[in-house]
1. Once Rh for the stretch 1-82 is found with the Kirkwood sum over Cα pairs, what is the Stokes-Einstein diffusion coefficient at 10 °C and 1.306 mPa s, in µm²/s?
2. Over what distance in Å are the Cα centres of the stretch 418-460 and the stretch 334-348 separated?
3. What are the residues whose amide H is under 5 Å from the amide H of H376, where those residues sit 5 or more places off or on another chain and H is modelled from the backbone?
4. Send over the Kirkwood Rh of the stretch 104-218, from the inverse of the averaged 1/r over different Cα pairs, rounded to one decimal Å.
5. How many nm is it between the label spots at L159 and E17, if each spot is 7 Å from the Cα in line with the beta carbon?
6. Please rank E458, E253, E153, fewest neighbouring Cβ atoms within 10 Å first, as an exposure proxy.
7. Counting only residues 5 or more places away or on other chains, whose amide H sits under 5 Å from the amide H of T189 once H atoms are built in the peptide plane?
8. Starting with the highest mean, order 117-123, 357-363 by the number of other Cβ atoms within 10 Å, averaged over the residues of each peptide.
Amino acid sequence: MSERDAIELDVTLALAEAIGSGGITGRQLEGCAGPMAAAQAALEGRRAAGDLAWMDLPGQDVSGLVRFAEERHGRFDNLLVLGIGGSALGTIALGGALLHPYHNLLSKEERGGTPRLFVLDNVDPDQTRGLFDLLDWERTLTNVVSKSGGTAETAAAYLLVRDILEGHVAGKAGPAAIRLPVAEHMVFTTDPEKGVLREIAEEEGIPAFPISAGVGGRFSVLSPVGVLPAALCGMDVAALLAGADAMDRRIRESPGLRNPAGLFAGVQYLEYTAFTRRLSVMMPYSARLRFVADWFKQLWAESLGKARDRRGSDVHVGPTPVEALGATDQHSQVQLYVEGPDDKVVTFLRVGSFDREATMPQLHPEKPALAYLGGHGLGELLNAEQRATAWALARRGRPSIRVDLPRVDAHALGQLLYMLEVATGLMGELLDINAFDQPGVELGKEATYGLMGRTGYEALAREVAGLRKGA
Ligand code: PA5
């Protein structure tokens, strides 16, 4: 990877030299180098033992998946992804960053024959029925994504779509219901062996791609969970994985704080522990990266928010991730960041070169309040705003980190996503918690099963009902 293509991390504005006593000292950073090297060795050890298969995804063979996508090219106008949490947020982030900003409004020719992308990650009836009424089901491929296969929200959406395909319900308003072959209009992404989706796929010959053991939902964006929709929608999957692979090599070749994942995790760890800054804001200055912040929010929250450490002691740790968008949220949240409680570290995502540019015309030379913009590009303005916000924070002694992407493309995105995943694993090691489970989420999932009458969950349903009475 040439330096021109590499994403870079700049932590200068988190250091005491730049922001004063609220900043990290050289000694603190040095003190973190040893634990970080140990954390990295521990992660690599678990990877070698086969426990962290998500770390090997950059090198996976995706030829079968790419062939599947190529065979369907031009056949579908819509790709409907059903999933939630880690089974949806990666795809949303990829689509937001790598497709045309208004992809779904383009004509088929303008989309290069690829489908529109819809990700349904909620069970809101208005949203669901509203979308279903719009889709031409003959021209829609539905990708049901669930590692467990049983998540209530995804299962509910699957049932509704299947009902339409089986001809029981008219989909698009107008034409009468028609029956469509499920195996041609659905593809599953699920556990390779277990779960109800795998069972149905095997019984009915529905194509199904695997989410291997060791690839948890929030670490699955580079697995078929994210890569299949990406390939179907014409994103550059090879460049995405090559970017992730380049970051993997960079991390392994420069251990500890010398690689971006280690440095990012090290600074975040010091902010959380030494400065008790409990909030971690991600603020892209690129609308195309706004859903990366959403994806990161889940990655960070679900991985690091834990009740117990690995020895079983109560710790209740976890930085709270917050998302903001530059420049929009400068006029919303930045006042709080600059002057409110000093409890945040902000990570800016900044883009070097935008795919499109809009240069402001030199109108109103007689009006200084407008004339100064003439001849400058919007990208230049956006990046100036990022610098201005970082400076305003620094002036008040508030820390920030900056991730520079040369441009928003698949290669840079692969680097960024993989870097943040590894940083999350490292942060888990430093906090001495299991970053790869989610007992809090499972508890809520099981209580929902109980409340909705699923067999085997009656006791939990009674417990929830009791709480309601008591409240
Ligand atoms: O990251 C996670 O593990 C969760 O957010 C899951 O992705 C989410 O709960 C959906 O689970 P599943 O893919 O089993 O339907």
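Rule-based calculations on the coordinates, nothing more; no lab input. Predicted model only: the values in this text are computed from it and were never measured. We place every Cβ from the backbone using ideal geometry, glycine too, and count neighbours over all the protein chains shown.
1. Using the Kirkwood radius from Cα pairs, D works out to 88 µm²/s.
2. That distance is 29 Å.
3. M360
4. 15.2 Å is the Kirkwood radius here.
5. Placing both labels 7 Å along Cα→Cβ, they lie 6.1 nm apart.
6. E253, E458, E153
7. Distant-sequence amide H within range of T189: V144, V145, S146, F209.
8. For the peptides 117-123, 357-363, the packing ranking is 117-123, 357-363.
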